[in-house]
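Structure record follows, encoded as structure tokens.
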Amino acid sequence: MAGGFVSQTPGVRNYNYKLTPKVFITCFIGAFGGLIFGYDLGISGGVTSMEPFLEEFFPHVYKKMKSAHENEYCRFDSELLTLFTSSLYLAALVSSLFASTITRIFGRKWSMFLGGFTFFVGSAFNGFAQNIAMLLIGRILLGFGVGFANQSVPVYLSEMAPPNLRGAFNNGFQVAIIFGIVVATIINYFTAQMKGNIGWRISLGLACVPAMMIMIGALILPDTPNSLIERGFAEEAKEMLRSLRGTDEVEEEFQDLIDASEESKQVKHPWKNILLPRYRPQLIMTCSIPFFQQLTGINVITFYAPVLFQTLGFGSKASLLSAMVTGIIELLCTFVAVFTVDRFGRRVLFLQGGIQMLISQIAIGAMIGVKFGTVGTGNIGKTDANVIVALICIYVAGFAWSWGPLGWLVPSEISPLEIRSAAQAINVAVNMFFTFLVAQLFLTMLCHMKFGLFFFFAVFVLIMTIFIYLMLPETKNVPIEEMNRVWKAHWFWGRFIPDEAVGVSAAELQQKAV
Ligand code: BGC
């Protein structure tokens, strides 16, 4: 861990704290919040490729899948089946908007607890589902849980983390998400081999385990110093800061928190404020980063890897195994971001990861196109199928150290305090909306666009990589309070930031520009 890292960026305040066991354990438990999101992301795709599950709830898809003459690209195309997967994200979108108020008024831990609780109830509905209605109600409850957790956990981690390790700690959320995905795919691999209806019930029902972990975790976790100050417990906040940082010398950081809290109390309408021209760069980034993250096409792999592998002609078991392998690769590669994000910076990871994803997507599309053509019939040989799996792994690795973790980190660190809450809510809501859209449309798009679907996402990856190159300034090791200077120094965004927002001459800033 980059515990002793000292920033070289001019103007950076360096509190230079050690990494204490308390902050590590607290953040470790706090990150459990990512597990429920990840477990769900990983479990749905596997379950929707299990035959007993399809036979029970989606008999027409089951029949189509069994039909030897069906077009390969359209084997799984069903609005109802995709609604099962994607309904969760609409529910998460709605609840993330409420969650920000609960997080602010009652503290971060109660939002986390509520997230765990609704997720727990949702897992019971799903595990014992007797009909589609029970399945969908369960999904919606799981969605509420995810919305609450995604709203509160990243905030919790960032506020607990020593400022010089914000990037790495924030990425802990993404590590937990992917860990949840991997555990889910491993569980699916075993439950898929069980006879009858028991397999999918275990897969869906076991969501209660991460739910209980976050519920118990939330009960024993302390609240963040920021939240304590916000709710009028300044003395407790100072004590908390001392024990988290492992030193009595916390006066400077404490004062910063008090100042930030005072400032934020003066802003009555963050939702109106964010529309002002001076916040244009943050508003555009807060909308475009989650949008682009989903348009990388990653969730085609996350949700539908097993279905995709079956489309490629793999057996059900081999498909789940391949999904497991891609998940493990994603987990390992996410650590690359954890260890480099505060050192190499956000831009290098975004650009490198983008180029890697672009090349692999074009190669995947071309190979599938050559094998299945536009007619969508044919067989793919074992070697070719393995090459496609390898290309998918290269694509996933690129995402894992770029758009995956940075898609959550960057929007959370670019906004000044007076609009941060609104910006964070927009980030989660846009992310959930496009997660929903991709989940809902993927199988239909695969059916109609065929291998062209991979080129479709490749075009977006090209656009977003150019966008980052031109539009995103480097934010590594810049304290959030100093972020206006970064925008002011940018060739395009500079014009939106008034001089008084930075307090130094523009010429001076241009010189320092990264
Ligand atoms: C994204 C999810 C994605 C997950 C795993 C997250 O950062 O927001 O949509 O499923 O990473 O790849």
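The values are calculated or read from the model by the stated rules, or taken from the named source; none is laboratory data. This structure is a prediction, so every number in the text was calculated from the model and none was measured. Ideal geometry is used to build each Cβ from the backbone, glycine not excepted, and the neighbour counts take in all protein chains shown.
Taken over the stretch 275-294, the criterion of being buried (at least 24 other Cβ atoms within 10 Å of the Cβ) and of a type in the set (Val, Ile, Thr) is satisfied by THR286, ILE289. The residue that is nearest to the ligand (Cβ to nearest atom), among those in the stretch 401-421 that are crowded, with 24+ Cβ neighbours inside 10 Å and among the small types (Gly, Ala, Ser), is GLY404.
Can you find even one residue in the stretch 469-480 that is more than 16 Å from the ligand (Cβ to nearest atom), in contact with a Lys or Arg (Cβ under 9 Å, 6 or more places away or on another chain) and aromatic (Phe, Trp, Tyr)? Yes, that holds for at least one residue.
The stretch 154-266 holds helices (runs of 4 or more DSSP H) entirely within its bounds, and those carrying 1 or more residues that are farther than 30 Å from GLY138 by Cβ map to 166-191, 225-230, 234-245, 251-266. Of everything in the stretch 288-318 that is within 11 Å of the ligand (Cβ to nearest atom) and outside any helix (DSSP H, G or I), the residue that is modelled with the lowest pLDDT is GLY297.
Which residues, taken from the stretch 433-450, are out of contact with any helix residue (DSSP H, G or I) (no Cβ under 6 Å at 6 or more places or on another chain) and either within 14 Å of the ligand (Cβ to nearest atom) or closer than 19 Å to GLU263 by Cβ (or both)? Scanning the stretch 433-450 gives a single hit, LEU437.
Just so you know, in the stretch 424-450 the residues that are over 19 Å from the mean Cα position of the chain (by Cα) and assigned to a helix (DSSP H, G or I) include one that is nearest to VAL410 (Cα to Cα), and it is LEU441. Note on the stretch 388-400: residues that are in contact (Cβ under 8 Å) with a residue 40 or more places away in the chain and more than 10 Å from the ligand (Cβ to nearest atom) total 7. Taking each residue of the stretch 91-103 that is closer than 19 Å to ASP223 by Cα and touching a residue at least 24 places away in the same chain (Cβ under 8 Å) and looking for partners that are in a helix (DSSP H, G or I) and of a type in the set (A, V, I, L, M) with beta-carbon atoms closer than 6 Å, six or more apart or interchain, yields SER100/ALA425. Only a single criterion out of (1) aromatic (Phe, Trp, Tyr); (2) buried (at least 24 other Cβ atoms within 10 Å of the Cβ); (3) over 17 Å from the mean Cα position of the chain (by Cα) is not satisfied by PHE120, namely (2). Of a type in the set (A, V, I, L, M), at pLDDT 90 or above and assigned to a helix (DSSP H, G or I) - does that describe any residue in the stretch 267-283? Looking through the stretch 267-283, at least one residue is of a type in the set (A, V, I, L, M), at pLDDT 90 or above and assigned to a helix (DSSP H, G or I). Being modelled with pLDDT of 85 or more and more than 16 Å from the ligand (Cβ to nearest atom) is a property that VAL430 lacks.
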